[in-house]
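Below is one structure, written out as C-alpha cells; comments come after it.
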Amino acid sequence: MVRVPASAAARTAYGPGRVVPAVSGVVTVGILPVFLVGGLGVQLQERLDFGPAVLGLGVAGFFAVAALCSRPMGWVAERIGTVTSLRVAATGSSLCLLGTAVAPNRFWLLAVLWLAGLPNALGQPASNSLIARCVPLRHRATAFGIKQAAIPTATLLSGVAVPTVALTLGWRWAFAMAAFVGVCVVLLLPVRVRSEQPSGAASTGGRGGSPGRGVLLLIATAAGLGSAAANSLGSFVTTTGVHVGFTQASAGMVLVVGSAVGLCMRLAVGVLTDRRNPDPIVLITLMLVIGSAGFALMAFPVPLVFPLGAVIGFGAGWAWPGLLNFAVAALYPGRVAGATSISQTGVYIGGSSGPLLFGVLASHAGLSAAWMAAGGVAVLGAVLLWLARRSVAAERSG
C-alpha cells in the first residue's frame, strides 16, 4: 500500500484563502431566507394574501428560533466538526429557500421561515470556529469582518432581487435562484482544511485562562442591547426619512448608502484590528458610543441631519459584530463554537425584539423618542462591555 506523506496530505487541504469565502457563502445563504422575505414583502403579501403583522411574525420567528437553538447548535458544531456543520447548515438553508419558493399559502411560508432559523443557528458558531482554527492570528480579525460583511451583502442582494427578478420573472424565481446559490455553496465547501487541530491549541498569549461564564453572559447581554438598537436601522430608516421630508426614493437611497458604509466599516475595522492590535472590547465599546450619537441625530426631524445620523449609525453602531466574534474567540480559544453561540444568542434576541419594541414606542411616543431610546440602549450595551472588560482584567491580574 502506498502511503501519502503527511506533507502531501496537508498540501491537498484548503487554507484561509478557500475557507473565508466558503464561510461567507454559508453565512449569506443562512440569512437570505429572512432578508428575501423582507425585501419581497410587497409581492408576498399580494400573492399569499396576508398583512404586515404576518410578515413581522415571520421575521421575528426566524430570529427567535435562531436564538433558542444557538447554544444547542454550538454544541452540535463542536461534536460533528465545523466543516460538516457548515455543509449541513448550507444544505438546510437551501432547502428552506426552495420550500419558500413553492409556498402555497402564508402558513407554509411562516413554517419554512421559522425553520430556516435552525440552520442559521448552526452555521454561525461553526463558521466562527473554523475561522479561529484555520486563519492565522495576524489576519483573523479581517476574516471575521469579511464573514460578518456577508450579512449586509445579503441585505443588498435582497434589494437588488426586487427589480431584477421579482418584478420580471416573479418572486418564486428569486427564492429558487437563491436556493441554487446555496447548492453551489455546498458544493464549493472544502472537504478538508489545512489546520484541523482544536482551536484551544492556540496560544492565549500568556495572559491566563479563559474568563468565567459571567463575563461571557455580560458580553452576550451587551451584544443583545447593541443588536436591538442597530437592527432598528434596517426596519425604520426609510420610514423616518419620509417622516422628516425625504421622498420614498431618497429615503431608500439613504438606506442603501448606510448599508454600504456599514459593509465597508466591518471590513475596515477587521483590517485595523489586525494591523494595530487594539483591545477589541474597548473598540466595540467606542463604536457603540459613537453609534448612539448617530441614533440621537436621527431623532431630530431635520433633513440635513438625518442622513448623517444614519451613516454614523450604520458605520459605527452596526459594524461591530465581526469584531465581537473575534473578541469572544480570543477570550475563549478552547471552545470557540460554544462561546460564540452564547454571544450570538444575545445578538439574535436583540435582533428580534429591538425592532418590535422600537415600533411599539414609535407608535405611542413618536419616531424621535424611539431613536433617542435606541441611542440609550446602545450606551447601556457599551457600559456592560466596559464592565466585562474590567472583569477580564481583574480575573487575569488576580
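A few notes on this one:
- Square roots of 5 times each gyration tensor eigenvalue, C-alpha, segment 15-198, largest first, Å: 30, 17, 13
- Taking only the Cα atoms of the chain, the radius of gyration and Dmax are 20.7, 77 Å.
- Rel. contact order, % - alpha carbon contacts under 8 angstrom, at least six apart, segment 15-198: 41
- Each residue, Arg390 and Trp108, gets one label point 7 Å from its Cα in the Cβ direction; the gap between the two is 5.6 nm.
- Cα lying deepest toward the dipole's positive end in segment 67-203, options Val191, Ala154, Cys69, charges on Cβ: Val191
- The calculated FRET efficiency for the pair Val257 and Ser397, based on their C-beta separation and a Förster distance of 30 Å, comes to about 0.10.
- Averaging the sequence gap over all C-alpha pairs within less than 8 Å and six or more residues apart, then dividing by the number of residues, gives the chain a relative contact order of 25 percent.
- Approximating the spin labels as points 7 Å out from Cα along Cα→Cβ, the Val271-to-Leu48 distance works out to 4.0 nm.
- Computed over segment 213-397, Kirkwood Rh from alpha-carbon pairs, angstrom: 16.4
- Segment 292-398: translational diffusion in µm²/s, Stokes-Einstein, Kirkwood Rh over Cα pairs, 4 °C, 1.567 mPa s: 83
- Largest GNM mean-square fluctuation across Val183, Val191, Val379, computed for the chain with C-alpha springs under 10 Å, falls on Val191.
- Distance cut-off 19 Å, percentage of C-alpha pairs in segment 16-89 lying past it: 50
- Kirkwood Rh and Cα Rg combined as Rg/Rh, segment 255-321: 1.03
- Shape parameters for segment 228-278, alpha-carbon atoms, Rg then Dmax in Å: 14.4, 43
- Shape descriptor for segment 44-122: Rg over Rh equals 1.05 (Cα atoms; Rh from the Kirkwood inverse mean 1/r).
- For the pair Ala369 and Gln248, label points projected 7 Å from Cα toward Cβ lie 2.8 nm apart.
Every number here is computed from the coordinates shown, using simple stated rules; none is lab data. The structure presented is a predicted model; accordingly, all values stated were derived computationally and were not measured. FYI the Cβ positions are ideal-geometry reconstructions off the backbone, even for glycines, and counts take in every protein chain you see.
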